[in-house]
Amino acid sequence: MGKNSIEIENDVFSCKQTDDVAFLTFKRNVIEIVTNYAVRDAFFSTFSKIEDSPKVKGVVVTNSSKYTGDTNLESFIAHTIESLKYGEQNITIRRFKNTMEQLANFFSNINKPTISALNGDIGEALFAVSLACDFRYATSNTIFHIQTVKLGLPTTGVLAFYLVNYIGLPRSIDILLTKTSLSAPEAHNLGLLTDVTADEELMSRCVEKLDAISQYPSYSISAMKRILRPDPSEISKLLDRAFEEFGLNLKEIRKALSDRK
């Protein structure tokens with residue numbers, strides 16, 4: 001490990017620089033970055049170091065653990081519904097919205113190539129974050145879970161934004177309203193994945209892609225990303241609408257739960 005190499009590890013994520021690639025691994029559901037201030041601060045601080053480091057040519061985003069089901073999101077929903085009693089719901093939802101917006105913008109607009117390398121069961125938040133990456137690889141056994149609608153909520157915005165941008169409105173509506181999961185081959189056929197790989201080839205394919213891109217000047221890569229990527233204000237506007245609906249739906253859930261008592 002070099003003197004200026006990047007390395008951090010906590011219960012939610014880890015980041016380790018190997019040679020000139022930063023491997024950012026989500027160890028638990030991305031939703032925990034929203035709900036834990038210390039983890040959120042550590043994550044964005046790490047990402048800033050990656051962006052500023054001249055010794056890092058790109059980022060590979062991956063996951064280490066099996067999908068934890070809807071537990072994290074359900075816990076967040078329960079906490080937010082409880083906060084309605086104390087008039088704190090808007091604060092909680094605003095924090096959720098701001099964090100998801102930051103995540104999307106970091107992965108989308110960082111001045112270096114970003115590649116997601118996913119394997120196994122992937123929750124909706126990580127699915128959304130992966131779509132903000134420049135390239136997306138997954139193993140053939142990867143399943144992308146779509147949780148929010150079956151929990152009585154609209155999508156939290158980032159997923160909807162990238163789905164519509166990549167595959168259009170009709171197919172996005174079909175996925176978000178009628179499906180609870182997508183397999184890696186399905187996602188690849190839709191154009192949401194760069195490729196589907198064997199387990200043992202996943203990381204090597206990502207590094208090969210970074211090697212191919214890094215032959216070009218870093219300033220031209222950054223310029224190309226700025227030209228092609230959506231303006232951050234576009235994501236912000238959609239998230240404002242999404243989280244307004246999110247808050248209204250939470251009130252409906254709370255009312256339904258109250259009526260059952």
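Each reported figure results from applying straightforward, stated rules to the coordinates on display, with no laboratory input. The structure displayed is predicted, hence computed values, not measured ones. Cβ sites come from the backbone with ideal geometry, for glycine too, and all protein chains shown count toward neighbours.
Results, tabulated for the structure shown:
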item: Kirkwood Rh and Cα Rg combined as Rg/Rh, the stretch 168-215; result: 1.13
item: Residue among 154, 185, 54 with the largest mean-square fluctuation in a Gaussian network model of the chain, springs linking Cα atoms under 10 Å; result: 54
item: Expected 222 nm ellipticity per residue - DSSP helices of 4 or more, -39500 (n - 2.57), all of the chain, to 500; result: -17000 deg cm²/dmol
item: Hydrodynamic radius of the stretch 7-260 per Kirkwood, over alpha carbon pairs, in Å; result: 18.7 Å
item: For q = 0.19, 0.25 Å⁻¹, Debye-computed log10 I/I(0) when each Cα of the stretch 87-141 counts as one equal scatterer; result: -0.71, -0.96
item: Label-point separation in nm, residue 208 to residue 20, each point 7 Å along Cα→Cβ; result: 1.9 nm
item: The stretch 156-191 and the stretch 198-250: distance between their alpha carbon centers, rounded to Å; result: 16 Å
item: Point-to-point label distance, residue 179-residue 241, nm (Cα→Cβ direction, 7 Å offset); result: 2.2 nm
item: FRET efficiency, 1/(1 + (r/R0)^6) with R0 30 Å, evaluated for residue 151 and residue 41 via beta carbons; result: 0.60
